[in-house]
């Protein structure tokens, strides 16, 4: 089920009724969420994406939130998944949400299992080919925040190994 958020037509919520209700309460906590968000990049969209991501940190929201048709990714959830996969070195237990996040930077595959197979179930191989070179549009501020953390942590691991 997909529902347009009542206070801003640029924001949509995807999930079950219970998840949508929880997401609406989360969005209601953002004081200026009802200000217009133009369709094409403006500073406003980037700011709103970060505000929604910050609110996701305070509320447990399972619904997907989209701004102008693009998912806003929960920071802690994606970073926790990244750390878990990096530690295991494998992709086989990757969640659908993390797979969706990776599709921001990589070619589409027929399935998550096909994606895992393509990279030989090797997290390091996927990182080297995808995340190390990931690029995102400037309005995708929530994704850039996640990438900045991933790069800093991976570089820290690489630096530690070189020392």
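We did not get these values from a lab; they are worked out from the coordinates using the rules stated. Not measured: the values here are computed from a predicted model.
Can you match P(r) over Cα pairs in 10 Å bins from 0, in percent to one of these, (1) 11, 42, 37, 10, 1; (2) 10, 37, 33, 17, 3, 0; (3) 10, 29, 23, 17, 12, 7, 1, based on a calculation from the structure here?
This structure yields the entry labelled (2).
Over segment 2-72, what is the mean sequence separation of C-alpha contacts under 8 Å (at least six apart), divided by residue count, expressed as relative contact order in percent? Mind dumping the intermediate values first?
Numbers: 90 pairs, mean separation 29.1, N = 71.
Result for segment 2-72 is 41 percent.
So for the chain, averaging the separation of alpha carbon pairs under 8 Å that are six or more residues apart and normalising by length, what relative contact order in percent results? Mind showing how you got there, number by number?
Working: 180 pairs, mean separation 35.5, N = 163.
So the answer I get is 22 percent.
Taking Cα pairs under 8 Å and at least six residues apart, what relative contact order does segment 23-116 come out at, in percent? Display every interim value, and only then the final one.
Values: 56 pairs, mean separation 19.3, N = 94.
RCO, segment 23-116: 20 percent.
Computed on alpha carbon atoms, what radius of gyration and Dmax characterise segment 75-162, expressed in Å?
12.4, 37
Could you work out which residue, out of 127, 110, 119, moves most in a Gaussian network model of the chain, that is, has the largest mean-square fluctuation with Cα springs under 10 Å?
Judging by the Gaussian network model, the answer is 110.
With viscosity set to 0.692 mPa s and temperature to 37 °C, compute the Stokes-Einstein D of segment 2-72, Rh being the Kirkwood radius across alpha carbon pairs; µm²/s, no decimals. Intermediate values should be presented prior to the final figure.
Values: Rh = 11.9 Å.
Calculated translational D: 277 µm²/s.
Per residue Cα convex hull volume for segment 30-111, in cubic angstrom? Don't skip to the end; give the middle numbers.
On the way: hull volume 9.9 nm³, N = 82.
Per-residue hull volume (Cα only) is 121 Å³.
Helix-derived [θ] at 222 nm for the chain: sum -39500 (n - 2.57) over DSSP H runs of at least 4, divide by residue count, nearest 500? Let's see the in-between values first.
On the way: 7 runs with 85 residues, N = 163.
Calculated at 222 nm, the ellipticity per residue is -16000 deg cm²/dmol.
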